[in-house]
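Colleague: Take a look at this one; I'll ask things after.
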Amino acid sequence: VDPDGHAERARKRRLERSVQLVHQDDAMSTLIADLPAETATAIYARVDRIAKTLRGGGETRTLEQLRADVFAELCLGHRTAETRTEVFVHVAATTLAGADDHPAELPGHGPVPAWLARHLATRPDSVLRKVVTDPVTGTVLDLGRTRYRPPAALAELTKVRDRECRMPGCHRPSHASDIDHTDDWARGGSTSADNLTGLCRRHHRLKDLPGWHFRQDDTGTLHVRTPTGTHHRSRPEPLHAAADADAPF
């Protein structure tokens, strides 16, 4: 509603960050930290992730109790820092480049000012990841080379598009198949719709055997060459017949 005012208020609120100790009854106290959203989100994500790893194996504490104990241990230095915690900020490339000031999105928090997104992007510990989305639906189509595992939206798109295992002659449903990089991710393949195919577990393993070669072209057609040199093509069946361009509306 008021992006300029929101950006200025965010600057001022960050100057008011503080920590407060409020003593309660029954030998309990509340520790309140007013922090920038990305910092608080990262702290909670780390505490939550560690707490969840401690469940099971005879552990009797609730998840809330585990979070509280882990938080205290981290603050007091009784627990060494684990692997870094990731906080995702979704921002348009045009905003990142300074061409506009559209708010970015911090999942779980909401909109954050464009200046904050640009600030976070320039931090030495930040990692920029290209995410290409469908301009109409917003569905994720491409993650470039930054992620091996496709997000839920991209995996779902692949399964709906393929419907069945893409190996010619195999009709195992795609929802029971693996999502595979046609060009191996470890060898430079991207995590994108035009490099992902649904293969049942048997044909997924077959792909890595000597003599087999899989290639996907720009039309989405999967080309398979067998050890004997035979070529097969597999293209996803359309969900409906193509509309007649000359038909009246």
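The values are calculated or read from the model by the stated rules, or taken from the named source; none is laboratory data. Since the model is a prediction, treat every value here as computed from it, not as a measurement. For neighbour counting, all protein chains shown are included, and Cβ atoms are generated from backbone atoms with ideal geometry for every residue, glycine included. Side chains are part of the model used for accessible areas, which takes the heavy atoms of the whole protein and leaves out ligands, DNA and RNA. Shrake-Rupley method; radii C 1.70, N 1.55, O 1.52, S 1.80 Å.
Colleague: When you scan the range 76-97, do you find a residue that is at pLDDT 90 or above, surrounded by 12 or more Cβ atoms within 10 Å (Cβ to Cβ) and not hydrophobic (A, V, I, L, M, F, W, C), even just one?
Modeller: no
Colleague: Hey, could you check the range 149-182 for residues that are of a type in the set (K, R) and in contact with a Pro (Cβ under 7 Å, 6 or more places away or on another chain) and say which is most open to solvent (accessible area, probe 1.4 Å)?
Modeller: So the first thing to find is which residues in the range 149-182 are of a type in the set (K, R), and the list is 149, 159, 161, 163, 166, 172.
Narrowing further to those that are in contact with a Pro (Cβ under 7 Å, 6 or more places away or on another chain): 161, 163.
On the way: R161: 62, R163: 104 Å².
My answer is R163.
Colleague: Suppose we keep only residues that are assigned to a loop (DSSP other than H, G, I, E, B) and open to solvent by 80 Å² or more (accessible area, probe 1.4 Å) within the range 207-218. Which one would you say is nearest to R163 (Cα to Cα)?
Modeller: Restricting to residues being assigned to a loop (DSSP other than H, G, I, E, B) and open to solvent by 80 Å² or more (accessible area, probe 1.4 Å), the top hit is D218.
Colleague: Would it be correct to say that E105 is of a type in the set (D, E, K, R), touching a strand residue (DSSP E or B) at 6+ places or on another chain (Cβ under 8 Å) and open to solvent by 70 Å² or more (accessible area, probe 1.4 Å)?
Modeller: yes
For (1) open to solvent by less than 60 Å² (accessible area, probe 1.4 Å); (2) in the same structural domain as G108 (by the TED database); (3) farther than 30 Å from L116 by Cβ, each residue gets a yes or a no:
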{"residue": "R14", "(1), (2), (3)": "yes, no, no"}
{"residue": "V19", "(1), (2), (3)": "no, no, no"}
{"residue": "Q24", "(1), (2), (3)": "no, no, yes"}
{"residue": "A33", "(1), (2), (3)": "yes, no, no"}
{"residue": "P36", "(1), (2), (3)": "yes, no, no"}
{"residue": "I43", "(1), (2), (3)": "no, no, no"}
{"residue": "L63", "(1), (2), (3)": "yes, no, yes"}
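Colleague: Right, G144: modelled with pLDDT of 85 or more and assigned to a loop (DSSP other than H, G, I, E, B) or not?
Modeller: So G144 does not fit the description; no.
Colleague: Also: Taking the options H175, H181, name whichever one is at pLDDT 85 or above and either more than 20 Å from F88 (Cβ to Cβ) or out of contact with any Phe, Trp or Tyr (no Cβ under 6 Å at 6 or more places or on another chain) (or both). Spell out how you get there, then give the answer.
Modeller: On the way: H175 fails: at pLDDT 85 or above.
Exactly one of H175, H181 is at pLDDT 85 or above and either more than 20 Å from F88 (Cβ to Cβ) or out of contact with any Phe, Trp or Tyr (no Cβ under 6 Å at 6 or more places or on another chain) (or both), namely H181.
Colleague: Looking at (1) assigned to a strand (DSSP E or B); (2) more than 23 Å from A153 (Cα to Cα); (3) open to solvent by less than 60 Å² (accessible area, probe 1.4 Å), which is the only condition G198 fails?
Modeller: Against the list (1) assigned to a strand (DSSP E or B); (2) more than 23 Å from A153 (Cα to Cα); (3) open to solvent by less than 60 Å² (accessible area, probe 1.4 Å), G198 comes up short only on (2).
Colleague: Being of a type outside the set (V, I, T), out of contact with any Ser or Thr (no Cβ under 6 Å at 6 or more places or on another chain) and at pLDDT below 90 is the filter here, so list the residues in the range 216-231 that pass it.
Modeller: Let us first name the residues in the range 216-231 that are of a type outside the set (V, I, T), namely 216-218, 220, 222-223, 225, 227, 229, 231.
Cutting the leftovers down to out of contact with any Ser or Thr (no Cβ under 6 Å at 6 or more places or on another chain) gives us 217-218, 220, 223, 225, 227, 229, 231.
Passing the criteria: D217, D218, G220.
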